[in-house]
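Below is one structure, written out as structure tokens; the observations come after it.
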Amino acid sequence: QPPLRDLADQQGFRMGAAVASHLLDDADYRRTAAAEFNSVTHENDLKWESVQPQPGQYSWSGADRLVEFAEQNGQQIHGHTLVWHSQLPSWVENGSFTPAELTQVMEDHIDTTMGRYRGQIQTWDVVNEPIGDDAQFRNSVFHRVLGEDFIAQSLHMARAADPDATLFINDYNIDGINAKSDAYYELAQDLLAQGAPLDGIGLQGHLISGQLPQDIQQNIQRFADLGLEVMITELDIRMTMPVTQQKLEQQARDYTQVMDACLAVSGCSGVTVWGVTDAHSWVPDHFTGEGAALPIDENYQPKPAYWSVHEALGGD
Ligand code: G3I
């Protein structure tokens with residue numbers, strides 16, 4: 001059977017995985033990340049705390065390592081992420097800035113980070129998770145100091161740093177139609193109306209097996225109808241442990257549903273799963289008693305969900 005990336009290439013589709021640079025030391029991990037995916041996202045190594053832990057002190061080793069890996073393997077890269085309230089070093093999170101100072105700090109970070117990988121990273125989550133589950137703007141240093149205009153400002157900075165990059169905003173719990181995704185729909189319209197360079201929206205897709213929203217395709221379609229590129233950027237579909245055959249089959253149906261929803265909309269260009277295998281997923285660390293959220297299991301064996309993705313991409 002052809003690997004997922006070959007099927008995706010035939011469809012002009014981006015089939016990605018989040019990769020942790022330090023795990024590339026493991027031969028099985030490296031082989032699977034290279035063999036199955038035509039796109040990668042840094043799971044943590046491009047975040048602000050990794051890249052610029054102290055003011056003006058940049059550290060690229062983890063980020064560079066995955067960029068080199070992707071180039072060796074002919075993979076695209078989705079840049080994650082520039083402006084986010086989390087995994088932000090304390091000098092930014094707890095800094096006291098005037099608007100002009102914070103603007104300068106953001107501009108340095110965006111310009112230096114995107115500039116380093118100009119021509120190598122094609123798409124970026126410029127702003128990540130600016131809206132909370134209450135559908136209001138989150139209380140972050142960016143919002144406190146600059147107000148909601150920090151989003152438009154970040155996009156302008158990103159466009160200037162790499163005019164060829166495709167610029168996204170990205171969040172979770174906006175996969176179906178709900179109050180939070182409605183807030184994004186309004187935000188996207190506002191940004192476009194004011195001429196902010198927004199190109200795409202990332203629906204993260206951290207989902208629970210058996211509890212998927214039924215209107216994912218409709219939601220993707222409404223953003224695509226605004227002229228935006230849509231990607232599922234961080235897909236995983238978790239289950240309560242232990243794994244049973246019945247749960248794996250439910251999860252396989254869930255993966256089919258998400259893949260089909262994206263593939264049915266011409267503006268939906270890719271799906272990235274949030275981890276290479278169940279062995280290294282963030283899920284068990286963050287949700288007690290849950291796991292097995294990815295298409296490949298902890299022993300690098302394909303699960304029923306893998307074959308769902310395979311079939312959705314046109315495999316037999
Ligand atoms: O690097 C330290 C290590 O030195 C320390 O010993 C260890 C002990 O806890 O922690 C390590 O840091 C962890 C880091 O991942 C790197 O592995 C943090 O504790 C852990 O909280 C952090 O989790 C990451 C999480 O973002 C942080 O918010 C996950 O790996 C990562 O998968 C997750 O990814 C996010 C996306 O960026 C945005 N969308 C949601 C998604 C899932 O939360």
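Only one entry in Gln211, Gln251 is surrounded by fewer than 20 Cβ atoms within 10 Å (Cβ to Cβ) and free of Cβ contacts under 8 Å to residues at least 60 places away in the same chain, namely Gln211.
Against the definition (at pLDDT 95 or above, more than 16 Å from the ligand (Cβ to nearest atom) and out of contact with any helix residue (DSSP H, G or I) (no Cβ under 7 Å at 6 or more places or on another chain)), how does Asp64 come out, yes or no? It would help to see each step written out before you state the result.
On the way: at pLDDT 95 or above: yes; more than 16 Å from the ligand (Cβ to nearest atom): yes; out of contact with any helix residue (DSSP H, G or I) (no Cβ under 7 Å at 6 or more places or on another chain): yes.
Yes: the conditions hold for Asp64.
Among the helices (runs of 4 or more DSSP H) contained in region 1-119, which hold 3 or more residues that are within 27 Å of Ser269 (Cα to Cα), among the charged types (D, E, K, R) and in contact with an Asp or Glu (Cβ under 8 Å, 6 or more places away or on another chain)? Even if it seems obvious, please write down each step before you answer.
Details: elements: 4-11, 27-36, 48-51, 61-72, 90-93, 99-116.
Here the list is empty.
Taking region 197-316 and the strands (runs of 3 or more DSSP E) fully enclosed by it, the elements with 3 or more residues that are more than 26 Å from Ile151 (Cα to Cα) and not small (Gly, Ala, Ser) are at 229-240. If you go through region 216-237 and keep only what is of a type outside the set (A, V, I, L, M, F, W, C) and either touching a Cys at 6+ places or on another chain (Cβ under 8 Å) or more than 16 Å from Tyr306 (Cβ to Cβ) (or both), you end up with Gln217, Gln218, Asn219, Gln221, Arg222, Asp225, Gly227, Glu229, Thr233, Glu234. Residues of region 95-110 that are in contact (Cβ under 8 Å) with a residue 12 or more places away in the chain and within 20 Å of Arg138 (Cα to Cα): Gly95, Phe97, Thr98, Pro99, Leu102, Thr103, Val105, Met106.
Out of Gln246, Gln221, Gln194, one residue alone is away from the ligand (no atom under 16 Å from the Cβ) and either modelled with pLDDT under 95 or within 27 Å of Pro284 (Cα to Cα) (or both). It is Gln246. Would you point out the residue of region 154-179, among those that are out of contact with any helix residue (DSSP H, G or I) (no Cβ under 7 Å at 6 or more places or on another chain) and either free of Cβ contacts under 8 Å to residues at least 12 places away in the same chain or of a type in the set (Asp, Glu) (or both), that is farthest from the ligand (Cβ to nearest atom)? For region 154-179, the residue satisfying everything is Pro163.
The values are calculated or read from the model by the stated rules, or taken from the named source; none is laboratory data. None of these values were measured; they are calculated from a predicted model. Ideal geometry is used to build each Cβ from the backbone, glycine not excepted, and the neighbour counts take in all protein chains shown.
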